[in-house]
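Trainee: Here's a structure for you.
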Amino acid sequence: MAPFLVALWAFCIEPGLLVVRHVRMELPGWREDVRIAVVSDLHIGSPHVGIDRLRRVVERMNAENPALVVLLGDYVIGGWRSGARKLGGLLVGVPTEDGLVFRGRVGGGIGAVAEKELLSRLEPLARRDSPFAPGAVPREDAKGAHWVDPQLVVEVRYGNRTPDGRLRFPRFLRLRDDKTPQDCAEEDEDVS
């Protein structure tokens, strides 16, 4: 049986429909083609994609017995913390009426070039107070934080989310200049 690779793109709301496409690839050293199913543009809560349709897609993907599921999401930067380098991790969240809901620290995937670009974009957005909802950021994450106006959106790859909504194993992929904070919305992960 050919190995399956399923990439699940969990983007925040943007115009369009749920897209499912299948790709075949030949990889050196593999006896069979690798089938890749890419599920992209999950517009949870939009009029285009209801939770029932998403459940059907997830059931179809699970029936393929995928070897890997990759989750991607768009999150708003509300601050950053120093670490071994000047930019140790981004503090990200999703917008609500009360401020950003904290989704975690993202430190992986930020190389020297990305760090330089992020700092050049974040430093002019500095502010004194947190843009997160009151009490949203745990004390240990807020310690030493540099708060910024929530204007930048980043794409993050993650393994899954904790029961309280924090991203597990988050990794920075790129800035999303094509998105605004208003384009980001919480995904409903209770679709299994």
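Coordinate-derived values only; no laboratory data. For clarity, every value in this text was computed on a predicted model and none was experimentally measured. Neighbour counts run over all protein chains shown; Cβ positions are idealised from the backbone, glycine included.
Trainee: What number of residues within the range 108-133 satisfy the criterion of being in a loop (DSSP other than H, G, I, E, B) and either in contact (Cβ under 8 Å) with a residue 60 or more places away in the chain or β-branched (Val, Ile, Thr) (or both)?
Mentor: Looking only at that region, the number is 2.
Trainee: Residues in the range 139-154: is at least one assigned to a strand (DSSP E or B) and free of Cβ contacts under 8 Å to residues at least 60 places away in the same chain?
Mentor: So far as the range 139-154 goes, no, none of its residues is assigned to a strand (DSSP E or B) and free of Cβ contacts under 8 Å to residues at least 60 places away in the same chain.
Trainee: A further question follows. Only one of Glu140, Glu115, Glu123 is out of contact with any Pro (no Cβ under 9 Å at 6 or more places or on another chain), charged (D, E, K, R) and surrounded by 13 or more Cβ atoms within 10 Å (Cβ to Cβ). Can you tell me which?
Mentor: It is Glu115.
Trainee: Can you name the residue in the range 147-180 that is under 21 Å from Asp98 (Cα atoms) and of a type in the set (Lys, Arg) and is also surrounded by the most Cβ atoms within 10 Å (Cβ to Cβ) among such residues?
Mentor: Only one residue tops the list, namely Lys179.
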